[in-house]
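In what follows, a structure is listed as structure tokens, so that the remarks can point back to it.
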Amino acid sequence: MESSNIKYRIAKSRGAQIITTVLAFSIVLPLIFILLFIIKSGIQHVNWHFLVNVYKPEGEPNPGIGHALLGTILIVVTASIIAIPIGILCGVYLSENKTSKLAYWSSLCVDVLQGVPSIVIGIVIFAWLHQRFGYFALAGSFALGIMMLPIIIRSTEETLKLLPDTLKEAGFALGMPFHRVILKVILPCGISGILSGVMLSVARVSGETAPLLFTAGVSHYLSSNVFKGPMQSLPLLIYDYYSLPSRETDPNSFINQAWGASVILLVFVLLLNISTKLITRKWKVQL
Amino acid sequence: MAETVQMEDQVKYQTVAPAKSLSYASRVKRSYRQIKVESAFKVALVSMGIFMVVLVFGIFLTLVIGSSQSIKTFGISFLWGKKWDAVNDVYGAWPFLAGTLLTSFLALFISIPFSIAVAIFLGEYFPKGWFSELLKNTIELIAAVPSVIYGLWGFLVLVPFVRTIEIKLGIQQQQGWGIFTASLILAVMIIPYAASLGRSVIQMVPSALKEAAYSLGATRWEVIKNVVIPYTKSGLFAGILLSLGRALGETMAVTMLIGNSNDIPKSIFATGNTMASAIALFFGEANDIRRSSLIELGLVLFVITMIINMLGKRVIKRFTN
Amino acid sequence: MESTIVKSVDYNAYFGDNRVVKNVNIEIPRNTVIAVMGPSGCGKTTFLRGINRMHELIPNATAKGKILLNNEDVMEMHPIFVRLKIGMVFQRPNPFPNLSIYDNVIAGYKLNGIKLPKAEKDKIVEESLTKVALWKEVKDSLTKKGSFLSGGQQQRLCIARAVAMAPEVLLFDEPTSALDPISTSTVEELFHELKKNYTLIIVTHNMQQAARVSDRTAFFYMGELVEYDETKRMFTNPRDKRTQNYITGRFS
């Protein structure tokens, strides 16, 4: 009686483990399959012309995504230039002031901002800038920059909170002013955590479509001026080509280009994620 | 400065004789500059704190001001207005609100068993080792795939798949697009996120608790059921809330797969729109009251996601303390 | 006659409303080793951190009274000037983990943005490390990270870092409490050497250490300076009952 009960319990435990494992793999494997599928479907459309040429009307040979590639790089780099200093300084502020009222509200606002849907940020930037300036790339950078902020701020704050106070004291005891203690001691010691936050935020916004719809806009032309005129980006190009209606001569022409662009975007985002892991491990300061 | 000159006399007591460049007086001069920079830096930090508050309130205010025309015209009944009628300029949010809630909760419902299974698998059964590391990293990578790419994939793979299901079920208007398709892609998108959150929560269970149960002769499953799950209940709940917050605001993949109609969805296979997809589709060419109504949709979305996220963050903060 | 270098006048330190150092008056002569001892929570560390204005770094912490360094009130000076003249070594060795041993020694210059010619830096590093008896041990591994050293070596590196700034006074906050006995005795030997050029104020909860290394001892109890005298006198013939109780081990 006793032992059969135990056998039953053990069998039940085994069963539960098997079910969990099966469930886990029945979702993880398809997810991996999705990744491979996207790469497989897109890679055949990628070649040198595809990377450097720009939009061509249907039927013309060798269309490319160069304009969107340049656009994504410019928009994301501009967004980073705006967001990284603000994000790191704000993270420092929050980790240095744990008790003040302003810090409480500031931290709350960071939480709120983290949850704001990206499309909402898009229309807010539209409301701020569109009437005066129309579509222009910098507006897209603002939108993406705002989305990067909470990620950078939180990772900076969390990293700095983990550093021992004795480090700061060592700096102060040498007669270092506050800003030097932060810039020369605290930030270098937390570099790996901060860098990983920055890189993840870049990876995150590189694939964002919704905030760019009404800010940087859609364009079929090569542009390198972030201050004026719409600028194409990879995610928007994918969305745009997906919804282009005319497919007369080659029904898949634009869809195929969208696949190619997807692979480029995907590889970029994945590489950024992987190198984040590698770099942060290498740059980790041993305390 | 007079005092500092007097200080210089002391320098001769040192054996490491400071060179001229480091004489105390010159260091003092430097330091006055440093003190100015120091206070500027402190001001900069505080202004960053203020900036975040201003930014978020600015976003909120912009949404309120932008939607004021719509709020004045339709009042609170905007929320349950059943028609989104661009011809007669009568706008009600209910079709999109219903679409949003339906897709998000359906996605959540589909994803929960899978995300919890992955969380338990990685958090409890295989918390260490190269295999679990590989799996963990793969899941994080999958979470990084941009939404628009999921949309494109869904269009090519998911839509025909759902169409075959619809044909088998004998549903009229078998198109493949619709609420169900959108929910599927949403589920795929939130599983990695929810699973990562769940895994970190499960790994926080103190091993002393589990060991106590094992020492009393509990099996592995009994430990999970009676120790791990009860201990992590609130944390897992927070994870589900945060995933819901993500699903509600997700735009591109949903826009590409939901079928884009302005009717109130009648079944899960019907086409529809979410608030986010409606904004993405219509905002570009909308004007006046239509634009204002779309901004109000944004405001509703902002408020809902804010409440859900705050709740989730609150619960998770209490759990981790 | 030896001259006074540090003098406190009615010094009080607070955490919020809580007064942890009460009306301390003390005169510290140049080139001596002063031990500050007392039971835990007696305010000895707070007093020490008050001397170079580190006390105020803690939120809500305030101080009143005067601390005179060469007859100049440090409470009126900007903390940066104070700390350039009064170095400090902490309870746990805290070398900068991102800097090499070499850079750790000249951290006070490097991180403060003071540019020095290479020869001068080399000279400061060698002299400072020699003073803390570390030069021979690390001269071949100056480019390695500071955290690569053992605990006792790290602590001596931290002393070298303070010495390199050519201060007049060195504060030590229980400098050996995190070290093993051998490292402790190495550091204690250093005190005798350092005394020739600097004034040392050492907080310790270890009476034997106070007796071994110091010329004068200050005994703190409940935030008050109970007794301050030559070390030999205090340990053989304490005037105050509380000092006597502490020394004989009635409370700790």
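Of all aspartates and glutamates in the structure, the ones whose alpha carbon falls short of 20 Å from that of B:Lys313, not counting any fewer than 8 places away in one chain, are A:Asp111, A:Glu157, A:Glu158, B:Glu250.
Using θ = phi - 60° in the Karplus curve 6.51 cos²θ - 1.76 cosθ + 1.60, the 3J(HN,Hα) couplings for segment A:223-233 round to 9, 10, 9, 6, 8, 9, x, x, 9, 6, 9 Hz; x is entered for Gly and Pro. The residue among B:Gln174, B:Val162, B:Ser207 whose Cα reaches farthest toward the positive pole of the charge dipole of segment B:94-320, with charges on the beta-carbon of Lys, Arg, Asp and Glu, is B:Ser207. Between the listed residues C:Ala164, A:Asn252, C:Ser150, the Cα displaced farthest toward the positive end of the dipole of the protein assembly as shown, a dipole computed from Cβ unit charges relative to the Cα centre, is found at C:Ser150. The Kirkwood hydrodynamic radius of the protein assembly as shown, based on inverse pair distances between different Cα atoms, is 31.2 Å.
With the simple spin-label model, which puts each label point 7 Å out from Cα in the Cβ direction, the C:Asn23 to B:Tyr32 separation comes to 4.0 nm.
Backbone geometry of segment A:202-219 corresponds, through the Karplus equation with coefficients 6.51, -1.76 and 1.60 at θ = phi - 60°, to 3J(HN,Hα) couplings of 5, 4, 5, 7, 4, x, 6, 9, 3, x, 8, 3, 10, 10, 7, x, 9, 8 Hz, x marking Gly and Pro. Measuring r between the beta carbons of A:Val267 and B:Ala86 and using R0 = 45 Å, the FRET efficiency lands at 0.65. Loop-only check: which trypsin sites (Lys or Arg not before Pro) in segment C:158-232 are DSSP coil with at most 11 other Cβ within 10 angstrom? The qualifying sites are C:Lys196. So what is the calculated 222 nm ellipticity per residue for the protein assembly as shown, using -39500 (n - 2.57) for each DSSP H run with n of 4 or more, over all residues, to the nearest 500 deg cm²/dmol? Taken over the protein assembly as shown, the calculation gives -19500 deg cm²/dmol. Of all stretches in chain B that contain no trypsin sites (Lys or Arg not before Pro) in a DSSP loop with at most 14 other Cβ atoms within 10 Å, the longest one is B:129-265. With a simple spin-label model that places each label point 7 Å from the Cα along the Cα-to-Cβ direction, the separation between C:Tyr14 and A:Thr99 comes to 1.3 nm.
Give me the net charge of B:Pro192's neighbourhood, meaning all other residues with Cβ under 15 Å from the Cβ of B:Pro192; Lys, Arg count +1, Asp, Glu -1.
Taking every other residue near B:Pro192 into account, the sum is +2.
Cross-link partners for B:Lys225 among the aspartates and glutamates, with Cα-Cα distance under 20 Å and sequence neighbours closer than 8 places in the same chain left out: B:Glu124, B:Glu211. Using θ = phi - 60° in the Karplus curve 6.51 cos²θ - 1.76 cosθ + 1.60, the 3J(HN,Hα) couplings for segment B:136-145 round to 4, 5, 4, 4, 5, 5, 5, 5, 8, 5 Hz; x is entered for Gly and Pro. Between A:Leu195 and A:Ile43, the C-beta separation translates, for a Förster distance of 35 Å, into a calculated FRET efficiency of about 0.70. Restricting attention to segment B:68-221, the count of lysine pairs at 8 or more positions apart or across chains with alpha carbons under 20 Å apart stands at 4. Which lysines have a Cα less than 19 Å from the Cα of C:Lys64, not counting those fewer than 8 places away in the same chain? Cα-Cα hits under 19 Å: C:Lys7, C:Lys22, C:Lys44. In this structure the amide hydrogen of C:Ile5, modeled in the peptide plane, comes within under 5 Å of the amide hydrogens of C:Ile28, C:Arg30, none closer than 5 places in sequence on its chain. Neighbouring Cβ atoms from other chains, within 10 Å of the Cβ of residues in A:184-192, number 3 on average.
In a reduced charge model with +1 at each Lys and Arg Cβ and -1 at each Asp and Glu Cβ, the protein assembly as shown shows a dipole moment near 1220 debye about its Cα centre. The charge dipole of chain B, taken about its Cα centre with unit charges on the Cβ atoms of Lys, Arg (+1), Asp and Glu (-1) only, comes to about 760 debye. With Cα atoms defining each centre, segment C:192-251 and segment A:107-136 are spaced 64 Å apart in the structure. Hey, with R₀ at 51 Å, roughly what FRET efficiency would C:Glu224 and B:Ile65 work out to, going by the Cβ-Cβ distance, to 0.05? My answer for the efficiency is 0.20. Taking label positions 7 Å along the Cα-Cβ direction at both A:His220 and B:Phe105, the computed distance is 4.5 nm, reported to one decimal. Determine, at each q value in 0.11 (inverse angstroms), the log₁₀ of I(q)/I(0) that the Debye formula gives when each Cα of segment B:94-320 is one equal point scatterer. Per q value, in the given order, log10 I(q)/I(0) is -0.63. Amide H contacts of C:Gly65 (H built 1.01 Å from N, in plane; Pro and chain starts excluded): C:Asn12 sit under 5 Å, all sequence-distant by 5 or more or on other chains.
Read-outs: derived from the displayed coordinates by stated rules, not from any lab. What you see is a predicted model; the values in this text were computed from it and never measured. Cβ sites come from the backbone with ideal geometry, for glycine too, and all protein chains shown count toward neighbours.
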